[in-house]
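Here the structure is laid out as structure tokens; the discussion comes afterwards.
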Amino acid sequence: MPLKTTTIGAFPKPESTPVGDWFLANKSKEEKKASKGLLENWTPGQYEDALQEAGVGAEKRFLQATEELINDQVNAGIDVPTDGEVRRENYIHYQCRRLVGVSFQDVTHRAVRDDAYEADLPTIVSPISLNETRLDTDWKVAQQFTKKPVKITLPGPMTIADSIANNYYSDDKIMGADLAAALNKEVKALADAGCKYIQIDEPVFARKPEEALEYGFENLERTLHGIPEEINRVVHMCCGYPSSLDAEDYKKADRDAYLKIVDAIEDSSIDEVSIEDAHRHNDLMILEKFSKTKVILGVVDIARSRMESVEEVRARLLKALEHIDRDRLIAGPDCGLGFFTREQAIDKMKIMSEAAHSI
């Protein structure tokens, strides 16, 4: 059997259809060329205004966009596609909007991503809980467009806590536990709906490995608690996301970050861990630390417009196979493909899939 392929989450919002015109509304032609659409919108309130303005037509547009992104992945050779996170202006706020205790009216302006940039953020103002799930519906909508298993992604407790403001909790571990309990409702609803691949995004684990070991993995287990064994528990841990395509010198996790947490990953209930390797190569000896965990190895760079060659990707995968069993190696991008145009994202996926399926 050839190596499997998957994607991580975010895709470029549609540009070449009437759907795309809506996602990129109120932007000049020049801005649209460089835009990530709603993905770039971290300002509380603007997303809600866009949805209200679209009215009953919003759901039709989301359906069209979801079908388009699913088809792009499947046609490019992806074995486990995602829904492209097409409904999300960004993956943190989309989840937080349904959390009791998180206010989008009481916003806090502060630096995020290790002071990489500043933003107006929703704020925790009372104990966190979740009354109503949403991702199970998102999965059902996406799964209707393909026979391949659609993976759904959601941010983990540490990554949410790092990306919003907190005016209530005095203990990060307790805050993470409450976030985990709320997210666990989403995870269980996804499992009950029939979703076989559930991915928790915890890139903060790589940036803050000490906190991950202190309480992050414990709260990750709370997030995944109680789902059936046949569900694939996937966790994504990239090393840092730029603010724009081809940005240089953006903040990355330390080079030894994965080494600090690899034993905890292997000892956890995680079935598949996604680590980046294309932007900055790892010492592939780290793959030998995994005896049971499958590894989604990032083999195409999501921060650079340069296109890898099929031969280049294939060579890296063959090198990885010197250190891990082939049935535990999966090809993927470093992270989401949201910075690219639709054509660039498709080309990256085709290159990756051709390389992986040739092995």
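Sequence-distant contacts, meaning Cα pairs under 8 Å at least 6 residues apart, place the relative contact order of the chain at 20 percent. Positive-end ranking of VAL295, VAL102, ASN282 along the dipole of the chain, with charges on Cβ about the Cα centre, is headed by VAL295. Taking the helices alone, the chain has a mean residue ellipticity at 222 nm of -11000 deg cm²/dmol, built from -39,500 (n - 2.57) per DSSP H run of at least 4 residues and averaged over all its residues.
By the Kirkwood approach, averaging reciprocal distances over each pair of separate Cα atoms, region 4-357 gets a hydrodynamic radius of 20.4 Å. Among 85-95, 71-81, 304-314, 243-253, the peptide with the highest mean count of other Cβ atoms within 10 Å heads the list, and the full ranking is 85-95, 71-81, 304-314, 243-253. Taking other C-beta atoms within 10 Å as the exposure proxy, VAL141, VAL273, VAL56 rank VAL56, VAL141, VAL273 from fewest upward. Counted residue by residue at 0.36 nm each, then reduced by the alpha carbon distance between them, the extension gain from ASP327 to ARG97 reaches 79.0 nm. Stretched out straight at 0.36 nm per residue, the stretch from LYS60 to LEU318 would grow longer than its current Cα-Cα span by 88.6 nm. One Cα centroid belongs to region 242-316, the other to region 141-218; the line between them spans 19 Å. Couplings 3J(HN,Hα) of region 93-103, computed from phi: 5, 4, 6, 5, 4, 9, 8, 5, x, 10, 9 Hz, in residue order, whole Hz [Karplus 6.51 cos²θ - 1.76 cosθ + 1.60, θ = phi - 60°; x for Gly and Pro]. Let me know the shape class of region 311-358, please: from the alpha-carbon gyration tensor, a ≥ b ≥ c as square roots of the eigenvalues, rounded when a/c is under 1.5, otherwise prolate if a/b is greater than b/c, or oblate. Prolate is the answer for region 311-358, as a/c is 1.5 or above and a/b outweighs b/c. What percent antiparallel are the DSSP beta bridges of the chain, to the nearest 5? Rounded to the nearest five, the antiparallel share is 25 percent.
Taking all Cα pairs closer than 8 Å and separated by 6 or more residues, the relative contact order of region 274-359 comes to 39 percent. Treating r as the C-beta distance of THR137 and GLN344 and R0 as 51 Å, the FRET efficiency rounds to 0.95. Using the Cβ-Cβ distance between ALA111 and LEU259 with R0 = 25 Å, the FRET efficiency computed as 1/(1 + (r/R0)^6) comes to roughly 0.35. Take the residue pairs LYS252/LYS294; LYS140/LYS185; LYS151/LYS350; LYS173/LYS348; LYS151/LYS292; LYS251/LYS348 and return only those whose Cα atoms are more than 28 Å apart. Too far apart for the 28 Å limit: LYS173/LYS348. Shown for ILE275, ILE231: other C-beta atoms within 10 Å of each C-beta, ranked fewest to most, produce the order ILE231, ILE275. As a calculated quantity, the FRET efficiency between ASP283 and TYR250 at R0 = 25 Å, using C-beta atoms, amounts to about 0.70.
Working note: Cα gyration tensor of region 208-359, eigenvalues times five, square-rooted, sorted largest first, giving semi-axes of 25, 19, 15 Å. Membrane-span-like helices in the chain (whole DSSP H runs, Cα extent of at least 20 Å along the helix axis, mean Kyte-Doolittle hydropathy of at least -1.0): 57-75, 172-193, 342-357. Taking the Cα centre of region 214-357 as origin and assigning +1 to Lys and Arg Cβ atoms and -1 to Asp and Glu Cβ atoms, the resulting dipole is close to 280 debye. Packing, as the average of other Cβ atoms within 10 Å across residues, places the peptides 59-67, 156-164 in the order 156-164, 59-67, highest first. Each Cα pair under 8 Å and six or more residues apart adds its sequence gap; the mean of these over the residue count of region 93-154 is a relative contact order of 31 percent.
Readers should treat all values here as calculations from the given coordinates under stated rules, not as data from a laboratory. Note that the structure is predicted; figures quoted are calculated from it, not measured. Here Cβ is always computed from backbone atoms with ideal geometry, including for glycine, and neighbour counts include all displayed protein chains.
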